[in-house]
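Participant: The structure's right below; bear with me while I get my questions together.
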Amino acid sequence: MFLYAFLLDQNVRLQHRHSGSDSENHIDRRQWLSTLGAVGVATLAGCSDRDDNGNTGRTGSAGDAESAGGAGGTDAVAVDAGTFPRFGVDDLYGEELARDLARRAFERSEYDYGFAGGDLVTPEGEQVTLDVYYRAEREPSRLTAEFVSEELGDNLGIDVAAEAVDGTRFNNEYWTAEPTGGADTVNGEEVEWANPTPQNPGPRSVTSTEPWDMSVVFGLNAHPHNPLANEMFFDGADSLYNPVGYYPQFDAQGLFEEARRASDRDELREAFVEIFENIAREQPYVTLLFSDGLVGYNPDLEGPIEDFSNGWDLPAWHEGEPTVSGSYDTVTPERFATLNPLFNAENGAGIAIGRALDRGYTFDENREYFPLLYDMSTEEGETWTFDVRENLRFSEPYGQVTAGDFVYLVREIHQADWAPTAASGGWDGVEVEQTGEFQFEATLESSNLLWPRTRDPLLYPIPRDLVEPYVRAEDVEGLKRDEELLELRFTGNLGAFELTEWNRGSGTEYVRNDEYYLRDIDEGPDLFSKGPLFEEASISVVPKQASRLGALKAGEADSVAIPSDRYGSYDEDENVAVRRVPTPYNTVLSVNQRANGWSAGPGNPFRLVPFRQALAAAISKRGLIDGVYRGLAEPNFTWQPRWSEFSPADD
């Protein structure tokens, strides 16, 4: 089944909060409202910010909105932004709005920045000059940086230099830093970085080795299946992943806590929509777009769809008539380090394993849970019941798959200190109990209605009798090297194909599994009853992109990733069917709000919400999409793609 890579594992942090005061770097809600003018005030009454007395709150009052309408002078831009502002398009794009937002930011600054002769100038009267780093090895990154440079020059009068950098070097010297910890005052409270990480080493005063202003080097995962994972970015200034030094001005922790405790889907969506509306307003990272993944297919292949869940129903794919024939052949650029299901953490190898061994469940074309090996159910999200299908069998001599195999796997391997498997982190603190031959329960430390979407409960079936000797001896190296696990010899009827050969250098080969359990289930497409509809399958390791593309055009491969700059030629080729597949990764302009950001002069305007809004308003999303990405992307206004059920886009 189709697998997805996630940027980071979700972690729980120990946080210490103490009362205090804060008068620095806070952008009053009224300044934002006055910038938009009276037309936009009424719909923005729910903004999260501090009132004039320094108190924080999640919603504003009608009185707040009314009094804000005339504040801040006569040059405010009147525009209806609504509760979910879409910066960078239509009325929220352009020089006039961008400069007015910048002026509002400078009113909150102790430093005298302003505009002179069309340029943004420092207190010393010099034009503001900044850098934006892009990934040297990626052409779209360079073109994006150059587009951003031009837009910020035209609409904000900033002289921006696009600088190339190796991605690894940027990560090590600019993006991350030595975890130092410390404390700072945020929204009137003292926050302690009790568990600093390289991606959030401490308060804004803790910086990377190299200074930097802006970057388009890294895109980040928006986790549309499991928005709770975005806690790592936004759950407070001391969140797990915060290289830019963003301090939320809304009650992010309270809203994430509401989402965690939600008892139904409506409550869950309400909390997430408010989170993503606030992120759209505050622009912690200046959001730009979600680009599409491009995949070229054999034009005679029936099955691929232009959806995030593309590939979930691979056993029903076929070429020509829906009868068993032919071979499904794909290529990959990298070798597989291991095919041991317990220890693999690579997406490519995961696909190779998945040809011969299903995991517990997947998500269908509607992005809904679809049971494979087991179904999952819950009443309030804390205790989950797993119902294992009764037609699952391992290869001999291991026999029928039961709930006991899964419970043993979790308790004795995933939760064991001696065996750090790829799934270990997801089962920390989970109590697992067998309640029947084909049923077991998992009780979480706290309720989580989205637990299946975290993919933490996504288990491979592993025979207890196979791994028990290694468990008794606590032999992790033996478990890693076990030939039955490495060669997938135990898989029985648990996968669409049987692995016949794994050549460590060139790839994997398979034959059809005539006993595939999925043919006997009641759910899913009708063609599951005949699946898989190929006699054979293969995954070939082909390092060179030109060779992979050549294999597609020659009909030697059924599926190959297409680079965006080759989209036009392949889309017009009758021998290739190109599918645009949405991805969860967003392209953002990261702005450094730490002490080594903003090299142009004193202070750091990146810390001011209206200035980040000014940057967002100065960059045309449609111009970027059409000019750089050839129309193969969607505008991004917050931390969820528009197709996510948790996006506020349709509210």
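Participant: Would you pick out the residues in segment 150-170 that are assigned to a helix (DSSP H, G or I) and under 22 Å from Leu632 (Cβ atoms)?
Facilitator: Hits for segment 150-170 are Glu150, Glu151, Gly167.
Participant: What number of residues within segment 482-519 satisfy the criterion of being assigned to a helix (DSSP H, G or I) and in contact (Cβ under 8 Å) with a residue 60 or more places away in the chain?
Facilitator: Counting residues in segment 482-519 that are assigned to a helix (DSSP H, G or I) and in contact (Cβ under 8 Å) with a residue 60 or more places away in the chain gives 4.
Participant: A further question follows. Restricting to segment 111-132, name every residue that is closer than 15 Å to Asp100 by Cα, open to solvent by less than 40 Å² (accessible area, probe 1.4 Å) and in contact (Cβ under 8 Å) with a residue 40 or more places away in the chain.
Facilitator: Of everything in segment 111-132, just one residue is closer than 15 Å to Asp100 by Cα, open to solvent by less than 40 Å² (accessible area, probe 1.4 Å) and in contact (Cβ under 8 Å) with a residue 40 or more places away in the chain, namely Tyr113.
Participant: Does segment 538-555 contain at least one residue that is outside any strand (DSSP E or B), under 30 Å from Asn493 (Cα atoms) and of a type in the set (S, T, N, Q)?
Facilitator: There is no residue in segment 538-555 that is outside any strand (DSSP E or B), under 30 Å from Asn493 (Cα atoms) and of a type in the set (S, T, N, Q).
Participant: Among the residues of segment 451-462, are any of a type outside the set (Asp, Glu) and either touching a Ser or Thr at 6+ places or on another chain (Cβ under 7 Å) or open to solvent by 50 Å² or more (accessible area, probe 1.4 Å) (or both)?
Facilitator: Scanning segment 451-462 turns up no residue that is of a type outside the set (Asp, Glu) and either touching a Ser or Thr at 6+ places or on another chain (Cβ under 7 Å) or open to solvent by 50 Å² or more (accessible area, probe 1.4 Å) (or both).
Participant: Among Ser590, Ser529, which is the only one that is over 17 Å from Gly348 (Cβ atoms), modelled with pLDDT of 95 or more and in a helix (DSSP H, G or I)?
Facilitator: Exactly one of Ser590, Ser529 is over 17 Å from Gly348 (Cβ atoms), modelled with pLDDT of 95 or more and in a helix (DSSP H, G or I), namely Ser529.
Participant: When you go through Arg108, Arg169, Arg135, Arg104 one by one, which is the residue that is closer than 15 Å to Arg612 by Cα and open to solvent by 20 Å² or more (accessible area, probe 1.4 Å)?
Facilitator: One residue alone meets the criteria, Arg108.
Participant: Only residues that are surrounded by fewer than 18 Cβ atoms within 10 Å (Cβ to Cβ), in contact with a strand residue (DSSP E or B) (Cβ under 6 Å, 6 or more places away or on another chain) and within 19 Å of His318 (Cβ to Cβ): list them for segment 552-578, please.
Facilitator: Hit for segment 552-578 is Ala577, nothing else.
Participant: Of the residues that sit in segment 602-628 and are open to solvent by less than 30 Å² (accessible area, probe 1.4 Å) and part of a loop (DSSP other than H, G, I, E, B), which one is nearest to Ile562 (Cα to Cα)?
Facilitator: Here the answer is Val628.
Participant: What are the pairs with Cβ atoms under 6 angstrom where one residue, in segment 413-437, is β-branched (Val, Ile, Thr) and the other, located anywhere, is in a strand (DSSP E or B)? Sequence gap at least six, or different chains.
Facilitator: Val430/Ala442; Val432/Ala442; Thr435/Glu441
Participant: Kindly provide the set of residues from segment 262-304 that are in a strand (DSSP E or B) and either basic (Lys, Arg) or under 26 Å from Phe147 (Cβ atoms) (or both), ordered by number.
Facilitator: Within segment 262-304, Val286, Thr287, Leu288, Leu289, Phe290, Ser291, Asp292, Gly293, Leu294, Val295 qualify.
Participant: (1) at positive phi; (2) open to solvent by 10 Å² or more (accessible area, probe 1.4 Å): which one isn't true of Arg265, the others all being true?
Facilitator: Exception for Arg265: condition (1).
Participant: Working only within segment 397-449, note down all residues that are part of a strand (DSSP E or B) and open to solvent by 30 Å² or more (accessible area, probe 1.4 Å).
Facilitator: Gln400, Glu431, Glu433, Gln434, Thr435, Gln439, Glu441, Thr443
Participant: Just wondering, is there one or more residues in segment 297-307 that are surrounded by 22 or more Cβ atoms within 10 Å (Cβ to Cβ) and out of contact with any Gly (no Cβ under 9 Å at 6 or more places or on another chain)?
Facilitator: Checking segment 297-307: not a single residue is surrounded by 22 or more Cβ atoms within 10 Å (Cβ to Cβ) and out of contact with any Gly (no Cβ under 9 Å at 6 or more places or on another chain).
The values are calculated or read from the model by the stated rules, or taken from the named source; none is laboratory data. Note that the structure is a prediction, hence the values are computed from the model and not measured. Quick reminder, even Gly has a Cβ in these numbers, built from the backbone with ideal geometry, and neighbours come from all protein chains shown. Side chains included, ligands, DNA and RNA excluded: accessible areas come from the protein's heavy atoms. Shrake-Rupley method; radii C 1.70, N 1.55, O 1.52, S 1.80 Å.
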